[in-house]
Amino acid sequence: MGLGTTEILLICLLALILFGGSKLADIGKGMGEGIKNFKKGLREADDEEKEAEQEKKPADKKPTSEGKA
């Protein structure tokens, strides 16, 4: 039940008629920038999460000599 070649071509033709060529280019550019910004936000959030995890871990903590006489 997927879209066939004919259906995709029909949708593209209708979009071209409704919006025009230059408007479709602007829409595509806007969608591309939106996806780029979304991925950038995901990377930044991941980096912040990793930094927060590193701050929680003690830095180079040496084992104590507890239990040794």
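The values are calculated or read from the model by the stated rules, or taken from the named source; none is laboratory data. These figures come from a predicted structure and were not determined experimentally. We place every Cβ from the backbone using ideal geometry, glycine too, and count neighbours over all the protein chains shown.
Residue by residue, here is whether (1) modelled with pLDDT of 85 or more; (2) aromatic (F, W, Y); (3) surrounded by 10 or more Cβ atoms within 10 Å (Cβ to Cβ) holds:
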| site | (1), (2), (3) |
| --- | --- |
| I17 | yes, no, no |
| L24 | yes, no, yes |
| E33 | yes, no, yes |
| N37 | yes, no, yes |
| L42 | yes, no, yes |
| P58 | no, no, no |
| S65 | no, no, no |
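If I filter segment 3-18 for residues that are free of Cβ contacts under 8 Å to residues at least 40 places away in the same chain and in a loop (DSSP other than H, G, I, E, B), do I get at least one hit? Checked segment 3-18: at least one residue is free of Cβ contacts under 8 Å to residues at least 40 places away in the same chain and in a loop (DSSP other than H, G, I, E, B). Pairs meeting the criteria (first residue in segment 26-37 and without any contact (Cβ under 8 Å) to a residue 24 or more places away in the chain, second residue surrounded by 10 or more Cβ atoms within 10 Å (Cβ to Cβ) and in a helix (DSSP H, G or I), beta carbons under 7 Å, at least 6 apart or on different chains) are I27/F19.
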